[in-house]
Amino acid sequence: AQSVTQPDIHITVSEGASLELRCNYSYGATPYLFWYVQSPGQGLQLLLKYFSGDTLVQGIKGFEAEFKRSQSSFNLRKPSVHWSDAAEYFCAVGGFLLISNFGNEKLTFGTGTRLTIIP
Amino acid sequence: NAGVTQTPKFQVLKTGQSMTLQCAQDMNHEYMSWYRQDPGMGLRLIHYSVGAGITDQGEVPNGYNVSRSTTEDFPLRLLSAAPSQTSVYFCASSYRGGSTDTQYFGPGTRLTVL
């Protein structure tokens, strides 16, 4: 079964500092990997996704993530955080494993990392 | 485009009551799904639909019913609410499959069952 681990429940960084949020996955085939962000009281919004090709993917709001197959990781990075980046971040894994009557419907989310920015 | 809309935003129920959470999307997406979000557990898939008239169970379907009579709407019904169903519920839609395509989420419904 696929799974996603986000080992950091809560991270605090200073505004302007760099950020790395960790994500490790378990999946028996080529994964589809996603990072979503949830601002307080809002739904989730896609930051970036990886399907194939270049292992360094760029997303919105200045975020990037690097897929490392050997480490089963897909860590999210940002060189300089802004106060508006305070939110909860979710990593998710999906793909074409047959798990239901209709096929590839299983998107698995991690438990999330809450990011706090201090001035 | 309004995207994915959900109503109500907040709801308080008593144990045993029933209700329907509404979800609609105006992007002509075939795939729609319902998730619940609980502290420390991320998002868990309740039910999903790959098109009008076709639904299937996700990870945590017990106590919930769905139907999909139109492409736009995907209501979630709680038949007899229980305190364990206190959660934040998100509806999502995507153009193709749920596990390989970008999901568009609604703003959520916060449900409390007393």
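The values are calculated or read from the model by the stated rules, or taken from the named source; none is laboratory data. Worth saying up front: this structure is predicted, and the values here are computed from it rather than measured. Glycine also receives a Cβ, built like all others from the backbone with ideal geometry; neighbour counts cover every protein chain displayed. When the accessible area is computed, the model is the full protein with side chains, heavy atoms only, and any ligands, DNA or RNA have been set aside. Shrake-Rupley method; radii C 1.70, N 1.55, O 1.52, S 1.80 Å.
Among the listed residues B:Ser80, B:Ser84, B:Ser94, B:Ser69, identify the single one that is more than 13 Å from the chain's Cα centre (by Cα) and buried (at least 20 other Cβ atoms within 10 Å of the Cβ).
The conditions single out B:Ser94.
How about the range A:85-100: which of its residues are modelled with pLDDT under 95 and not in a strand (DSSP E or B)?
A:Gly95, A:Phe96, A:Leu97, A:Leu98, A:Ile99, A:Ser100
Quick one: B:Gly16 ticks every box in (1) in a loop (DSSP other than H, G, I, E, B); (2) within 10 Å of chain A (Cβ to nearest Cβ) except a single one, so which number is it?
Only one criterion in (1) in a loop (DSSP other than H, G, I, E, B); (2) within 10 Å of chain A (Cβ to nearest Cβ) is unmet by B:Gly16, namely (2).
B:Leu111 - would you say it is of a type outside the set (Ser, Thr, Tyr), more than 19 Å from B:Asn28 (Cα to Cα) and either open to solvent by less than 50 Å² (accessible area, probe 1.4 Å) or at pLDDT 95 or above (or both)?
Taking the combined requirement at face value, the residue satisfies it.
Taking B:Leu78 as the residue in question, decide whether it is of a type outside the set (S, T, N, Q) and at pLDDT 95 or above.
Criteria met by B:Leu78.
Among the residues of the range A:60-84, what is the count of those that are out of contact with any His (no Cβ under 9 Å at 6 or more places or on another chain), open to solvent by 30 Å² or more (accessible area, probe 1.4 Å) and not in a strand (DSSP E or B)?
10
Report every pair of residues separated by at least 6 positions or lying on different chains whose Cβ atoms are under 8 Å apart, first residue within the range A:40-64 and touching a residue at least 12 places away in the same chain (Cβ under 8 Å), second part of a loop (DSSP other than H, G, I, E, B) and of a type in the set (Lys, Arg).
Sorted first by the residue in the range A:40-64, then by its partner, the list stays empty.
If we keep just the residues of the range A:22-55 that are over 22 Å from B:Phe105 (Cα atoms) and either of a type in the set (Lys, Arg) or assigned to a strand (DSSP E or B) (or both), which is most open to solvent (accessible area, probe 1.4 Å)?
Per the criteria, the residue is A:Arg22.
How many residues, within the range B:34-55, are hydroxyl-bearing (Ser, Thr, Tyr) and in contact with an Asp or Glu (Cβ under 8 Å, 6 or more places away or on another chain)?
2
Of the conditions (1) farther than 22 Å from B:Thr5 by Cβ; (2) within 13 Å of chain A (Cβ to nearest Cβ); (3) crowded, with 20+ Cβ neighbours inside 10 Å, B:Gln57 satisfies every one except a single condition; which number is it?
(3)
Among strands (runs of 3 or more DSSP E) lying entirely in the range B:40-114, which contain 3 or more residues that are within 25 Å of A:Tyr50 (Cα to Cα)?
It comes to B:42-51, B:87-94.
Determine which member of the set A:Tyr50, A:Tyr32, A:Tyr27 is away from chain B (no Cβ under 11 Å) and more than 19 Å from A:Ala86 (Cβ to Cβ).
A:Tyr50
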